[in-house]
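Have a look at the structure below, then the notes.
The values are calculated or read from the model by the stated rules, or taken from the named source; none is laboratory data. None of these values were measured; they are calculated from a predicted model. So basically every Cβ, Gly included, is an ideal-geometry build from the backbone, and we count neighbours across all protein chains shown.
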Amino acid sequence: MKKKLRKNKNFNINQKSFYFEDYLETNQRHKKVKNSSISQDRIYLLFFLFFSLITIFSIKIVFVSLKNLDIYNKKENSSHFIALRRDIIDRNGILISRNVKSFHAAIKPNLIKNKENFLIKIRLNFPDLSIKKIEQKLDKGKYFYLKKRLDQNDKEKLWSLGEKGIIFEPFQSRIYTHANLYGHILGQVDYDNYGVSGVEKYFDKELKDKKLIKDPLQLTLDTNIQHIIDDELNKALETFNATGGGALLMNAKNGEVLSLVSLPNFNINTRENIKDKNYINKITKGVYELGSIFKTFTIALAIEKNLVSPKTIIKNIPRKIKCSVHEISDIKQFPKDLSVEDILIRSSNIGTLMLAKKIGEQDYKDFIKETKLLNTPELELEELGTPLSFKWNKCKLETISYGHGIAVTPLQATATYATLANGGNVIKPTITKKEINLDNKKIISSQTSKKINTILRKVVTEKEGTASLANIYGYDVAGKTGTSQKYGNENENLNTFISVFPYKDPEYVLFVMLENPQVANDLIYNYRGMKIKGTRNEAGWNSVYVAGKIIKKIGPILAIKNKEFYIEHVAKKPN
């Protein structure tokens, strides 16, 4: 044993065993490392907890600060807003009616700390509101409405007052993007979003259909053309000091209404209850004796019945005819012998009357029945007028032949002109875009239609014609004037002009009407290349003048949308 110990010179008797030494030292190191790790973990945990709390509080502060901002509200509301009614758009997709989120401003009196200061703020920002009434309501202490249907400007004003007592009640409001422009067509809705007039009422069920809510209702109207016609007609009321007016532009081949204007009009966004009859839709609801435009119907019927041709000479036309107790005459003196086309071009009452007698009462009755001129017109509106009924007594045939004694709506007269001009095919007026199926019913032949269009063109181009001011180069305008007394008021007159263009194959028919226009003494006309002052108060000097200005402005728009029309007519215009 001693030998073995001696042999290992390096062996230290006092040295501890390898195993023992290792165990003790590593154990001590593990204790140090373990303690250090626990301390660090605690620090990290505490740091994480504090950081999480700070983050949560920061997010909460930001959320609360943004909660009442308009920008945040708009973003939040837009994602949850579900309209109660469908949009309405024009033929080109331009928005003309939509539901939006709006607000009523209500007051909680118990939250108004300084009433005097509050009233001063209201007086400064809303001078139109009755401060006395607001003060009385504040004293009662009951919840009340300060202002309904706020616009954005009013809402911002009220918001900036910083009053806790002002409550903004959200609701869905129907807005009309063009205000007055479509007042007589779109109509209005009530506070509960139910249609009460116009298109809004006629299509009320369809506009509220939840299955179709994302699909807008498309009308046939063209906003650009509507604006041009509305503007020109407003200018005409001022130029001729007229009390009212109307215009209707229709596709002569399918009945689509591109523009319908009735003046005076009103801003449908204000939700006013207008009772003045002068504000009715004159095109669809107004019933008028339209005068000489009816002569076209008489001439067309006489030609269709093969009783005459456009060149047939009607001889010995008297200056006056006595019918029962009435005496019928022409405003101007015409030659005793006139061709059928000259009777229309010069607008002879007596000549037309003589042709009506050739036609006979029964055939004329049948024509009136086929055209439905005495029926309530058909259109997607409830504001429709019913023509006045009458009995076929003595002189009825004679007076109807030249447009007196029969009162119809401008809508019906325009639709009948479209039928006569398009080859005799009966069309049904419409203001909604849809697939149109013509019933192929004809009231005159294509040959008669062409003959009538040629005569109507001469009314515009011939020296003796009554519509020279509508001869706009490039559009081949044809038409007929009408000057009559306003039905029920002999002291007022009604001047009308119905035009079709281009006359060889009419695409459009335009009706223009002025109520009680006056002579425009200061207006300088460009009449057949001459500059002359206005001295006469007839349709040829006001309604025709307005129609000419309208066609000149809307013609290029229509031509661009109708390539064949553009190539055939407008493109030929010299530089």
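The set of residues from segment 503-549 being part of a strand (DSSP E or B), buried (at least 16 other Cβ atoms within 10 Å of the Cβ) and either among the charged types (D, E, K, R) or modelled with pLDDT under 90 (or both) comprises just one member, Glu515.
Residues in segment 147-167 that are over 31 Å from the mean Cα position of the chain (by Cα) and either in a strand (DSSP E or B) or loosely packed, with under 14 Cβ neighbours inside 10 Å (or both): Ser160, Gly162, Lys164, Ile166, Ile167. For the structure I just gave you, tell me whether Gly403 is in contact with a Ser or Thr (Cβ under 7 Å, 6 or more places away or on another chain), assigned to a loop (DSSP other than H, G, I, E, B), among the small types (Gly, Ala, Ser) and surrounded by fewer than 24 Cβ atoms within 10 Å (Cβ to Cβ). No.
Only residues that are within 27 Å of Asn180 (Cβ to Cβ), in a helix (DSSP H, G or I) and of a type outside the set (Asp, Glu) were counted across segment 206-227, and they come to 6.
Within segment 399-413, residues that are under 18 Å from Ile283 (Cβ atoms) reach partners that are of a type in the set (D, E, K, R) and surrounded by 24 or more Cβ atoms within 10 Å (Cβ to Cβ) with beta carbons closer than 9 Å, at six or more positions or on different chains, in the pairs Gly403/Lys295; Thr409/Lys282; Pro410/Lys282. Restricting attention to segment 378-400, the residues that are crowded, with 21+ Cβ neighbours inside 10 Å and over 16 Å from Phe297 (Cβ atoms) add up to 3. Determine, yes or no, whether His227 is surrounded by fewer than 18 Cβ atoms within 10 Å (Cβ to Cβ) and either touching a residue at least 24 places away in the same chain (Cβ under 8 Å) or assigned by TED's automatic domain parsing to the domain that holds Lys553 (or both). Considered against the rule, which asks whether it is surrounded by fewer than 18 Cβ atoms within 10 Å (Cβ to Cβ) and either touching a residue at least 24 places away in the same chain (Cβ under 8 Å) or assigned by TED's automatic domain parsing to the domain that holds Lys553 (or both), His227 comes out as yes.
Taken together, the residues in segment 189-216 that are surrounded by fewer than 22 Cβ atoms within 10 Å (Cβ to Cβ) and within 30 Å of Ala547 (Cα to Cα) amount to 1.
Within segment 98-113, track down each residue that is buried (at least 17 other Cβ atoms within 10 Å of the Cβ) and within 18 Å of Gln152 (Cβ to Cβ). Listed by number, the residues that qualify are Arg98, Asn99, Ser102, Phe103, His104, Ala105. Here Ile274 does not qualify as aliphatic (A, V, I, L, M) and either in contact (Cβ under 8 Å) with a residue 24 or more places away in the chain or more than 30 Å from Tyr176 (Cβ to Cβ) (or both).
For segment 287-295, the criterion of being under 27 Å from Ala547 (Cα atoms), of a type in the set (S, T, N, Q) and within 29 Å of the chain's Cα centre (by Cα) is met by no residue.
Picking from residues in segment 168-188 that are β-branched (Val, Ile, Thr) and surrounded by fewer than 20 Cβ atoms within 10 Å (Cβ to Cβ), the one that is nearest to Asn269 (Cα to Cα) is Ile175.
Given (1) modelled with pLDDT of 75 or more; (2) part of a helix (DSSP H, G or I); (3) aliphatic (A, V, I, L, M), identify the lone condition not met by Ala105. Just one mismatch for Ala105, condition (2).
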